[in-house]
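Notes for the one structure printed next.
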Amino acid sequence: MYHSAQSIVVGDDVEEERCLKNPGHKGSGSVLQTVIAAIIIALAVGGSAPWWWNKVFQNRPSEPPITSSAEPSKTPYMGPLEGGTDRLGGDLSKVGIQVNTAAECSDMCLHEQNCLSMTFVKHPDANGGICWLKPSIPPPQANQAMVSAVKYFR
C-alpha cells in the first residue's frame, strides 16, 4: 500500500510529519499477507488463474475429458483422492462450499449430478477448507494445498 507523507508547518517550524491513510486503517500488516490474500480473493472471485499461472505450472497430459454426466445406466463412483493436486477452473459455482475434509468434498461431487471432478482447498491455518465442484475434468496441476478427485462411471 502506498502512503504519502505530509508535513504540517507552524511558522518556520515543522510540527510533525504524518502518513495519510485510509479512514479506519489500523496499521500496516505484512506485505506478504496482503499479496497472498489478494491472490486468493482474485482466484475465488475471478474463477480463473492469473495470466502467469500456466507459465509457472506447465499443464500435464490428462485423461480425456468427460463432457456429460448424463449416463443413467452406469453407476458413478469417485476415483482416489489426488493429494497435492489442483484441477483449476471450470467450477459449478462462483462460491466454494465450506467442508471439513477432502473426502466430504468428494462425496458431495459423487451425489451432485452435474459434478465430474472436485478440488478441495485446505485452509492454511484452520481445519477444513473450501470445496469446488466442477462440471468437467480440468488437467491436474501440482499444488500442495489442494486435493482433487474425478468421478467415473461403471
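Just so it is clear, none of the values below were taken in a lab; they were calculated from the coordinates. This structure is a prediction, so every number in the text was calculated from the model and none was measured. Cβ sites come from the backbone with ideal geometry, for glycine too, and all protein chains shown count toward neighbours.
Take each peptide in 143-150, 116-123, count the other Cβ atoms within 10 Å of every residue, and average; sorted highest first, the result is 116-123, 143-150.
Using the crude model of +1 on Lys and Arg Cβ and -1 on Asp and Glu Cβ, and no other charge, please compute the dipole size for the range 60-153 relative to its Cα centre, in debye to 20. Write out the running numbers ahead of the final one.
Numbers: 7 positive and 9 negative charges, 33 e Å.
Its charge dipole is roughly 160 debye.
Run the numbers on the range 60-153 and let me know its relative contact order in percent, using alpha-carbon pairs under 8 Å that are six or more apart. Present the calculation step by step, with values, prior to reporting the outcome.
Details: 220 pairs, mean separation 40.5, N = 94.
Relative contact order, the range 60-153: 43 percent.
Ranked by the mean number of other Cβ atoms within 10 Å of their residues, highest first, the peptides 99-112, 128-141 come out as 128-141, 99-112.
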